[in-house]
Amino acid sequence: MKCYSHVRVMPGQQKPQRNWKVRQLANIDATKNPHCDTNDSNGPSKAAPRITETVERYEQLSYETLEKGCYLVSVDVASKQDHTYHFDRSRSNGFYCLSFTTIIFSETERTEVCKFYNDMYVYTYQLPVGTVLNARVFCFTKEWLNTRLDLAKIDEESALAKILNRSSVFASLVIDPLHDQLLNELQELLNAESRSPLFDLLLRKSAYPLICQLLQVLSQKERPMLSAPAAYRENIATIAQYLDTHLKDGFPGIPFLARIGHMSTATMRRQFPLHRGFSAFEYYRQRQLDYAFDKLQEKGSIKELSTELGFNNPSNFTRLFKEHFGLSPAEFRKRAKNGGV
């Protein structure tokens, strides 16, 4: 997995290389930091980054609301001395979290962890002096998950079901190249010096496929600490690459994709969702809509764009785009042109 963009702190430095404007916050405990300061189970609204300096570390905490009950917490820590860093578990707020954490010990040593957990989990890491921790944590309420998932159909033996019903506390996952790509897009978006007028849509564009794909993996029976089977990784990557480069040619069909991936159609149907979080057709449609998202910010006819992507009826393209992004192509283009979302 490619690493996140990061700062590096060397022993003896007064400040990390990132030019943080450090200020003291008297109400922040020096060793315990909750995900957010809110009692609202629907999650916090947007807030400017909160920057804290203690004798142990520099810390930047910020969050974005994707929608009611779903938000993203960003945590960046630069360690000034050896210490234990953890979030406070005393706030049993009922959130479920999907976290991506990179710990940078040196230029050549780092640890990357992806976990899904409930509020019984204790998020703790030992940070030697000079270590940098970057974490991106998606937090969901049970109500939000209920609106997005058919929980009654999730296998009771899956990691997702066990964490939701609290018979298990967490599950670890391994990131594959597609997830890595989405994480990099998300990181670039969050690190931009100035925010695009389409920031909210771009955030959802990066976040939702990532959330969907990993929840899909977690919903599989008995997959709590497993990555997708390595034996099929290159085969699925070949199929995904073909779909990425033939977005205008129409969906080629499962038998054809299975052949270029050197597997049976049954194996391909089973393995593709495990590696990509979607069926092959859903993945193809997702990539088409991502392409349309970018093209609609340029000049050109919406009808011609829908034809270019193989839609015989422009109304079908309009319907799918609106279902995915919450705006019709015309509404999206108008807001992009006016510089606002």
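The values are calculated or read from the model by the stated rules, or taken from the named source; none is laboratory data. As the structure is a computational prediction, the values presented were derived from the model and not from experiment. Here Cβ is always computed from backbone atoms with ideal geometry, including for glycine, and neighbour counts include all displayed protein chains.
Whether a residue is at pLDDT 90 or above and within 27 Å of Q216 (Cα to Cα) was assessed, and C97 passes this test.
Return a yes/no flag: does the stretch 307-314 have any residue that is within 28 Å of the chain's Cα centre (by Cα) and of a type outside the set (A, V, I, L, M, F, W, C). Among the residues of the stretch 307-314, not one is within 28 Å of the chain's Cα centre (by Cα) and of a type outside the set (A, V, I, L, M, F, W, C), which makes the answer no. Within the stretch 242-275, the set of residues being more than 18 Å from L289 (Cβ to Cβ) and of a type in the set (S, T, N, Q) comprises S264, T265, T267, Q271. Looking only at residues in the stretch 55-77 that are surrounded by fewer than 18 Cβ atoms within 10 Å (Cβ to Cβ) and closer than 21 Å to V132 by Cβ, the one that is modelled with the highest pLDDT is V55. Taking the numbered list (1) over 21 Å from the mean Cα position of the chain (by Cα); (2) part of a helix (DSSP H, G or I) in turn, Q286 passes all entries but (1).
Can you name every residue in the stretch 309-341 that is in contact with an Asp or Glu (Cβ under 8 Å, 6 or more places away or on another chain) and farther than 18 Å from E282 by Cα? Scanning the stretch 309-341 gives a single hit, V341. Just the residues that are crowded, with 20+ Cβ neighbours inside 10 Å and in contact with a Lys or Arg (Cβ under 7 Å, 6 or more places away or on another chain), please, taken from the stretch 128-143. Correct list: V132 only. So, of the residues in the stretch 111-157 that are in a strand (DSSP E or B) and of a type in the set (A, V, I, L, M), which turns out to be nearest to L215 (Cα to Cα)? Applying the filter and picking the extreme gives V137. The residue pairs whose first member lies in the stretch 237-256 and is in contact (Cβ under 8 Å) with a residue 24 or more places away in the chain, whose second member is hydroxyl-bearing (S, T, Y), and whose beta carbons are closer than 8 Å, counting only pairs six or more residues apart or on different chains, are A240/Y283; L243/Y283; L243/Y284; L247/Y284; L247/Y291; F251/Y284; I254/T265.
Against the numbered list (1) at pLDDT below 85; (2) touching a helix residue (DSSP H, G or I) at 6+ places or on another chain (Cβ under 8 Å); (3) of a type in the set (A, V, I, L, M, F, W, C); (4) within 20 Å of R136 (Cβ to Cβ), V174 comes up short only at (2).
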